[in-house]
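First up is the structure itself, then whatever we jot down about it.
Read the figures in this text as sums done on the coordinates, not as results from a lab. Fair warning: this is a prediction, and the values are worked out from it, not measured in the lab. Heads up, the Cβs are rebuilt from the backbone with ideal geometry, glycines too, and the neighbour counts pull from every protein chain shown.
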Amino acid sequence: MTSALNSTEAAPGSRQANALAERLEAGARSLYELASGLSDAEWQKRIPHDGRPIGVVVHHVGNMYPLEIQLAQKIAAGEAIEGVTMAAVDGINAAHAKEHDQVTKAEALDFLRRNSEAAAAAIRALSDEDLARSATNSLYGDAPLTCQFFLEDHAVRHSYHHLARIRAALKS
């Protein structure tokens, strides 16, 4: 497969943006590889303390990349993140889980691949100045946070976070 999931070649531009994009790609690739080898029973296994099936969570990661990138781009433009709360995020996640409860492995993996590629490309388009720019963020009590921090705490970390929980669920 030739895609961002297998990309290790740095694009021209900000070295820091390329490094962030590569970390996002590595996490997405690890999640993709683990998920692609799951049995049907494992795909449907519910994650403890989460309740969603593993397959839904794989799709969820792909689903959140565009929103996470959009919010990071707002910060990069110096715009405050307003009205985004954990309650709103929880609502998005619950609606997604209900709508995609029977997502197929092929659908979820393709969605993860496409959206991780787009997220990595969007990160690579950011300059060092964009990454260093800060704006207040309602998810963090209106603290001023940099675009880079937001990317690291959301889009870049997201696949790693769920990958760890999926691995733990598979061991239980």
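I'm checking my understanding of the structure. Among residues of the stretch 135-148 that are surrounded by 17 or more Cβ atoms within 10 Å (Cβ to Cβ) and not aliphatic (A, V, I, L, M), which one is farthest from VAL57 (Cα to Cα)? Walk me through how you get there before you give the answer.
Applying the first criterion (surrounded by 17 or more Cβ atoms within 10 Å (Cβ to Cβ)) to the stretch 135-148 yields 135, 137, 139, 145-148.
Going one step further and asking which of them are not aliphatic (A, V, I, L, M), we end up with 137, 146-148.
Numbers: ASN137: 25, THR146: 27, CYS147: 25, GLN148: 24 Å.
Among residues in the stretch 135-148 that are surrounded by 17 or more Cβ atoms within 10 Å (Cβ to Cβ) and not aliphatic (A, V, I, L, M), the one farthest from VAL57 (Cα to Cα) is THR146.
Go through (1) free of Cβ contacts under 8 Å to residues at least 24 places away in the same chain; (2) part of a helix (DSSP H, G or I) and name the single condition PRO144 misses.
(2)
Report whether or not ILE75 is surrounded by 22 or more Cβ atoms within 10 Å (Cβ to Cβ) and touching a residue at least 12 places away in the same chain (Cβ under 8 Å). Working first, answer last.
Details: surrounded by 22 or more Cβ atoms within 10 Å (Cβ to Cβ): yes; touching a residue at least 12 places away in the same chain (Cβ under 8 Å): yes.
Yes: the conditions hold for ILE75.
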